[in-house]
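One structure below.
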């Protein structure tokens, strides 16, 4: 699988897989998209909703470049909010790619570069404390083989688009995710396709369509119902 580093519209880098016709983030701005879909519509929304939620458990589908984890680590520190972050990645990036990502530079947080590198190099399946507010564990496994020890409050669903990986957007997958969440838990994703929304609803989520990041009209915020699942 050939992966190429490319620059997006906000100056932040992402990765393209030319053979599959996919990129890891929006070409309209990798940081901008992640901030909108996962931090603003996900983590910040959850904290606003619950005021003092205690430790927030986040599960991310697809660690990828590590951008969503890095932004969550920053947000946890700003909000003084304890976060335990778990993520799966079946196809980790090679060093020459992840060491070229410019997120810490673009975010004007060069001091976080060692922490960002540590996310990529740390031992799999082991919980590590990266900051006083942020603990992190990654699993080198496909989603289908993953089971979570403690249910998540928040899921960042950042799989490749349904056109590239349709098997990751089915009712069965959303049932698995629903089972990994606390009642009232929230899932955010950039994808708002009709059949994806229907699969989510069939799996026991209530769906909210909200404005998308630049280049996307809409995105989805889904909530696990309190009863029946």
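Read the figures in this text as sums done on the coordinates, not as results from a lab. Quick caveat, the model's predicted, so the values are computed rather than measured. Reconstructed Cβ throughout: ideal geometry from the backbone, glycine too, with neighbour counts over all protein chains shown.
Annotations for the structure displayed:
- Shape of segment 94-229, Cα gyration tensor, a/c cut at 1.5: prolate
- Separation of alpha-carbon centers, segment 32-73 and segment 105-175, rounded to whole Å: 11 Å
- Full-extension gain in nm, residue 201 to residue 165, via 0.36 nm per residue minus C-alpha separation: 11.0 nm
- Three semi-axes describe the equivalent ellipsoid of the chain; taken as square roots of 5 times the Cα gyration tensor eigenvalues and ordered largest first, they are 24, 21, 17 Å.
- Top of 159, 149, 76 by mean-square fluctuation, Gaussian network on the chain, Cα under 10 Å: 149
- A Gaussian network model of the chain, with springs between Cα atoms under 10 Å, assigns the largest mean-square fluctuation among 182, 96, 193 to 96.
- As a proxy for reagent exposure, ranking 173, 37 by other Cβ atoms within 10 Å from fewest up yields 173, 37.
- Each Cα pair under 8 Å and six or more residues apart adds its separation to the average, and for the chain the resulting relative contact order is 20 percent.
- Among beta bridges that DSSP assigns inside segment 36-224, antiparallel share in %, nearest 5: 40 percent
- Taking every DSSP helix (H) stretch of at least 4 residues in the chain, weighting each as -39,500 (n - 2.57) and dividing the sum by the residue count yields a mean residue ellipticity at 222 nm of -6500 deg cm²/dmol.
- Stretch gain in nm, segment residue 137-residue 217, where the contour uses 0.36 nm per residue and the Cα spacing is subtracted: 25.5 nm
- Full-stretch length increase - residue 19, residue 210 - with 0.36 nm per residue and alpha-carbon distance subtracted: 65.6 nm
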